[in-house]
Amino acid sequence: MPAEDKRWETLEALRNSEKGRLSYDSRWLEEDEDVLEQCRSSPKLSVNSAWVLDHFFQPETQSSTSENLTPLIYGLTRDDQFQETSVSPPVPSTDEEADNNNVQEVVQELNPEHTLLLLSPEATQIEGFVKKYEEVHRIKGQAELKHRQELQQKGAQSFSNTAAELFKRFEESLELRQRQEYEEMRDMMEKGSLEAQGRQEKLKEEHRRRAKNLNLKLREAEQQRLRQEELERQRQAESRERVRRLNCIQEEVLHLNMQIEPHFKQKELVGLDLSGYSNRGNQLCSLVSGVIKLTSEGGVPHQGDILNAERALQQMRELIAEMHEKIAAEKKRIKEEEEKALQKKQELEAKTVKPAPEETTSPKEGLQIKADASTMQWYQQLQDICDQCAASINDLNNSKDFKVKKIKMDLQKTATIPVGQISSIAGSHLREIFDKINNLLLGKQISSGGKLVSISQHPQGQEFVCYKLAEKFVKQGEEEVASHHEAAFPIAVVASGIWESHPKVGDLFLAHLHRKCPYAVPFFPSWKDGQPKEEYQRLLGYRVLDTGVEQQDNFLKRISGMVRLYAAIMLLRWPSGSKQTEHPHGLNYAWRWLAQMLNMEPLADITATLLFDFLEVCGNALMKKYQNQFWKMILLIRNDYLPRIEAVTGTGQVGAVIRLRQFLEKCLKQKDIPLPKGYLHPAFWRS
């Protein structure tokens, strides 16, 4: 690591410093005990000490013997041979010190191996001095040794502290350099980040500016496209309206022209020439046909074409009125002539022949009370189909086998739960539900409740699923549609698609619907002698419980939901169905139901409620398909049938009548019936 290398450099620098080059005697600490031991032993003199005394102890120096004795006999022991130590001797500063050094040099030249024990008083005195000196020397040596040890410890501690401080300063300088480098790097990165952020902000601003310009252009283009589409829709709507108007004119012209032929061929009008009217009528029909042909070739009819066609229609009306006047005048003339001839004949025969009284019978005025035979036959066929299906699945319904019961419950849940999940959330949601039901009826395995279910699990599975599915659709109309009228359309479109793919479900649906709501036939059950009241009320569609018959408001609400669902099924068709086949129960059945309903005597509350619900759901579609004939029927309802309804309506039942009257008046005033609320537009299937 870099820190380790720098530590070695620090130690090398300390070693090369002035203090680091000093040399120390490492043996001093090892031999200090021996030195002290020598100081404790008895002093001994060598054999040459007498010669030293004879040469250096002179009379004049007797007085200073005691003073000079200490330096002369310094270190004269048996074991100490004046060896040189690591500490250099002090430099002599006086002559006395120089003499002492000479004595030491002489003593070193003597043979230390020969020692002599002095027994003379002088020797004894000298030996005492030597012992004193040795004691002083020992104390001094110990003090010197302690002093040197303290100095050495202080020096070592000082070096250690100095090295620690230097090492600490080195680490601090290293950390400082690292922080500086880190700060420089961070400043550089922040600067680069700020520059990059600035460039990014500029790019974002440029992108926003360009996006804003592009959005403006796109918005302008979209608005232009919408304006063009709106203009195109208006043009197409006007074109369709003009084509519709031309078709109506042509239909009326042809209808008026057909009125000429019967009068032209009447035998009683043989003397009347109507060929001119016939020729003129044919000319007007050809004129209108030519206008329509020109518009069909040109693509868009013009206002001038409409004016020409209306002018031809007006001329046809005038022609027919003139013809009727001429025919009426001719008939009047013929009748007058016949009356005159008859009067003359009666006058001639009055005397001989007396006419017998004529029995005249006035035709019975009124509407039907019961449905016609064909309708009742159709109704009975559907009930027979439903009864046969119920009998065929009797074994599956009443089986006591646990496995069969389990299969029955799985099939019923798989068939009915998706119907309960139908809603107008999105077209894809309806497609998923339809595919699940359709695949189940096709015999495929369907995942339900974490298991695979198929109608092939039981021989009666197909009939059972069809029966329960039809029953569930009717129940949805009775409950869901009765509470939320908009729910009729998503349920109806799925039911219509299943009906088209599996006709058996449609027949069973009608049978269940007729049982719960006989007015959907239309069929008004009559009371028979001896029939219980509760049974008759059930036939009328009421719910009869232990607590009694349900309230009239609840009854009207239920049958209203079922009729709305029935009308929506006749109105809608599954979008993915075959274009080559017709609706299995389309608007022609709706027209038949409406016509049969108007041919029957109205019932209080019920007739007004059903007519309003039915016309509100599929009135727009009937208007577009039958056009003038539909409006004639609306006028018939308002002018003729509505008074009959009012005649049988009590004072507390006028709500439905008022609602129906307001609806008819509004439609006739606007010459249009709006689409029902909740209708599934083509855009719904793209969601």
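The values are calculated or read from the model by the stated rules, or taken from the named source; none is laboratory data. Keep in mind it's a predicted model, so treat the numbers as computed, not measured. When we count neighbours, we look across all protein chains shown, and the Cβ atoms used for this are built from the backbone with ideal geometry, even at glycine. The area values use the complete protein model at the heavy-atom level, side chains included, leaving out ligands, DNA and RNA. Shrake-Rupley method; radii C 1.70, N 1.55, O 1.52, S 1.80 Å.
If R0 equals 22 Å, the separation of the Cβ atoms of E665 and Y589 corresponds to a calculated FRET efficiency of about 0.20. When the Cα gyration tensor is reduced to axis lengths a ≥ b ≥ c, the ratio a/c is 1.5 or higher for region 514-565, and with a/b not above b/c it is classed as oblate.
Restricting things to alpha carbons, find the Rg to Rh ratio for region 446-516 using the Kirkwood radius for Rh. Walk me through the numbers on the way to the answer.
Values: Rg = 13.4 Å, Rh = 13.2 Å.
Taking Rh as the inverse mean 1/r over Cα pairs, Rg/Rh reads 1.02.
Altogether, the Stokes-Einstein calculation at 20 °C and 1.002 mPa s, with the Kirkwood radius of region 125-265 over Cα pairs as Rh, returns a diffusion coefficient of 75 µm²/s. Residues whose amide H comes within less than 5 Å of that of V453, counting only those at least five positions distant or on another chain, are I446, S447, S448 (H built at 1.01 Å from N in the peptide plane).
Quick one: dipole size for region 439-574, taken about the Cα centre, charges +1 on Lys/Arg Cβ and -1 on Asp/Glu Cβ, in debye to the nearest 20. Can you show the working numbers first?
Working: 16 positive and 14 negative charges, 59 e Å.
Here region 439-574 has a charge dipole of around 280 debye.
Between R138 and E229, the contour length at 0.36 nm per residue exceeds the Cα-Cα span by 19.9 nm. Rolling a 1.4 angstrom probe over the protein heavy atoms with all chains in place gives region 611-658 an accessible area of 44 Å² per residue.
The alpha-carbon of K132 sits under 25 angstrom from the alpha-carbons of these lysines, leaving out residues fewer than 8 places away in its chain: K44, K140, K146. What a 1.4 Å probe finds exposed on region 528-667 is 49% carbon and sulfur by accessible area, rounded to a whole percent. With θ taken as phi - 60° and the Karplus curve 6.51 cos²θ - 1.76 cosθ + 1.60 applied, the whole-hertz 3J(HN,Hα) list for region 137-147 is 5, 5, 4, 5, x, 4, 5, 5, 4, 5, 5 Hz, x standing for glycine and proline.
Excluding same-chain neighbours fewer than eight residues apart, the lysines reachable from K504 by a Cα-Cα span under 22 Å are K408, K413, K436, K444, K468, K472, K475, K516, K579. Not counting ligands, DNA or RNA, and with a 1.4 Å probe, what is S160's accessible surface area in Å² rounded to the nearest 10? Here the residue's solvent-accessible area equals roughly 70 Å². Within a straight-line Cα-Cα reach of under 20 Å, K212 can be paired with the following lysines, leaving aside sequence neighbours fewer than 8 residues apart in one chain: K202, K204.
Counting pairs of alpha carbon atoms under 8 Å apart in space and at least six apart in sequence, what relative contact order in percent does region 502-622 give?
Relative contact order of region 502-622: 25 percent.
Compared with the direct C-alpha span, the chain from Q153 to Q381 gains 69.3 nm at full extension, assuming 0.36 nm per residue.
The label-point distance for H681 and S239, in a model that sets each label 7 Å from Cα toward Cβ, rounds to 2.1 nm. Once the chain from Y182 to K451 is taken as fully extended at 0.36 nm per residue, the excess over their C-alpha distance is 90.3 nm. Could you calculate the FRET efficiency of N16 with M189 from 1/(1 + (r/R0)^6), where r is the beta carbon distance between them and R0 is 45 Å, rounded to 0.05? Calculated value: 0.60. For region 545-598, the spherically averaged projection of the C-alpha convex hull amounts to 5.7 nm². With Cβ to Cβ distances under 12 Å as the rule, what net charge do the other residues near L216 carry (K, R +1; D, E -1)? With Lys, Arg at +1 and Asp, Glu at -1, the net is +3. A simple rule links phi to the HN-Hα coupling: the Karplus curve 6.51 cos²θ - 1.76 cosθ + 1.60 with θ = phi - 60°, which for region 424-430 gives 9, 5, 7, x, 5, 5, 5 Hz, with x for Gly and Pro.
Volume per residue, Å³, of the convex hull around the alpha-carbon atoms of region 466-567? Don't skip to the answer; put the middle values down first.
Working: hull volume 10.5 nm³, N = 102.
Taking the convex hull of the Cα positions in region 466-567, it is 103 Å³ per residue.
By the Kirkwood approach, averaging reciprocal distances over each pair of separate Cα atoms, region 523-678 gets a hydrodynamic radius of 17.1 Å. With the largest listed first and rounded to whole Å, the semi-axes of the equivalent ellipsoid of region 383-519 from the Cα gyration tensor are 23, 19, 13.
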